[in-house]
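The values are calculated or read from the model by the stated rules, or taken from the named source; none is laboratory data. What you see is a predicted model; the values in this text were computed from it and never measured. All Cβ positions, glycine included, derive from the backbone under ideal geometry; neighbour counts span all protein chains shown.
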Amino acid sequence: MADRIRDVGGGANHYATLSAWEAGEQGNLPSLDERRIANCFAFSDTTAVVVAGWTVDATRYPMVTVDPSARHGGAWNTSAYRLEVSGAHAISIQQTHFRMEYVQVSVSESGATQRFAVDLPSSATMVGVYIEKCLVRQAPGSSGSGNLRGIRLGNGGTVFVSNTIVQGFRQGSGSGISRSAGTMYVHYCGAYDCNIGIGAGSGPVNAKNCWARACTDGFQGTFGAAGTLTDYNISDLAGDAPGTNVKNSTTVALVNPGTDFKLQSGDTAAKDWAPSLSADANYPVTDDFLGTTRPGSACDAGPHEYSAPPSSGSQVARARSRRMGALVQF
């Protein structure tokens, strides 16, 4: 199997927008024996995307990633790739087997129509859809009355979300992550400043190692079985986090709340508290939203796995070893 990679908005500049890539690269991927990958560069992409009409299977599917030069770095970054859409769902995924990672997505609506940043609609049954390492927000200044939601599953099937931040979904009855049917696995995610952070509705949403901060209701609805499918969640509200091993009335310390979602060095809520999900039976996750590998035990809850910066002495020694052409571990 081959990977066909095409640049969006930079690099070889095969396509000007992600929507143009989707339209131009559609095909029968099992027949071609290919995955087709959009590699996005730094720009504000304001064209709504609809993913539909591909022929795929579990190993040959479309995927959207961001070039390492244009990733968010854990904070909303206007020098990185952004899918910023007004008056429409930012991206509507209307078929099975699709992956998206490292994408910043924002949505706004000036009228009364309900909009989603990541739409998983009732017109399709979701299988093999993964949303990972993304920053998803309601655009600042959105002023309509229509409900705005971050990631929303509208029909049957199963969707996997990990290492993702949802932020600012306050317009109407806004929510960060929500479902009205089907099953969602939500691992190592964070919800900030939403009406509802992670909303399970009538269930199930299976949430592990997640946190909610500054939401009206951090976790709402019916979650998967406590202690097995849902556990190790944190909320700054009383009696809110679902699971057996939880922290309530506990605030996760962030570098810059609302802007930079990495953990502070002095955090005592999320750091080294949650178990590793690298061998999870339903949805194994091995890294964080920066792509950093998590330890085999005592992981940090939420999208960021904190690691102390190297000491200045170590940095000097590394530089000296590179100049000498030697590989030395410190």
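Figures for the structure shown
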quantity: Strands (runs of 3 or more DSSP E) wholly inside region 156-229 that include at least 1 residues being charged (D, E, K, R); calculated: 175-179, 196-208, 211-213, 217-223
quantity: Region 215-233, subset in contact with a Pro (Cβ under 8 Å, 6 or more places away or on another chain) and of a type in the set (Ser, Thr, Tyr), residue surrounded by the most Cβ atoms within 10 Å (Cβ to Cβ); calculated: Thr230
quantity: Residues satisfying the stated conditions in region 22-60, i.e. out of contact with any Pro (no Cβ under 9 Å at 6 or more places or on another chain) and either among the acidic types (Asp, Glu) or closer than 15 Å to Ile93 by Cα (or both); calculated: Ala23, Asp33, Glu34, Asp45, Thr47, Ala48, Val49, Val50, Ala52, Gly53
quantity: Qualifying position, being surrounded by fewer than 24 Cβ atoms within 10 Å (Cβ to Cβ) and either of a type outside the set (S, T, N, Q) or closer than 19 Å to Ala281 by Cβ (or both), among Ala181, Ala207, Ala191, Ala212; calculated: Ala181
quantity: Extreme residue, farthest from the chain's Cα centre (by Cα), among residues of region 72-83 that are free of Cβ contacts under 8 Å to residues at least 60 places away in the same chain and crowded, with 20+ Cβ neighbours inside 10 Å; calculated: Ala80
quantity: Residues (under 17 Å from Phe219 (Cβ atoms) and modelled with pLDDT of 95 or more) located in region 153-169; calculated: Val161, Ser162, Thr164, Ile165, Val166, Gln167, Phe169
quantity: Single condition Phe261 does not satisfy, out of (1) of a type outside the set (D, E, K, R); (2) out of contact with any Ser or Thr (no Cβ under 6 Å at 6 or more places or on another chain); (3) not in a strand (DSSP E or B); calculated: (3)
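So that you can scan it fast, the table gives a plain yes or no per residue for (1) among the charged types (D, E, K, R); (2) part of a loop (DSSP other than H, G, I, E, B); (3) touching a residue at least 60 places away in the same chain (Cβ under 8 Å):
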position: Pro30; (1), (2), (3): no, no, no
position: Val50; (1), (2), (3): no, no, no
position: Ala58; (1), (2), (3): no, yes, yes
position: Thr65; (1), (2), (3): no, no, no
position: Thr113; (1), (2), (3): no, yes, no
position: Val129; (1), (2), (3): no, no, no
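So that you can scan it fast, the table gives a plain yes or no per residue for (1) more than 21 Å from Trp76 (Cβ to Cβ); (2) touching a Phe, Trp or Tyr at 6+ places or on another chain (Cβ under 9 Å); (3) not basic (Lys, Arg):
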{"site": "Cys194", "(1), (2), (3)": "no, yes, yes"}
{"site": "Asp217", "(1), (2), (3)": "yes, no, yes"}
{"site": "Asn233", "(1), (2), (3)": "yes, yes, yes"}
{"site": "Gly258", "(1), (2), (3)": "no, yes, yes"}
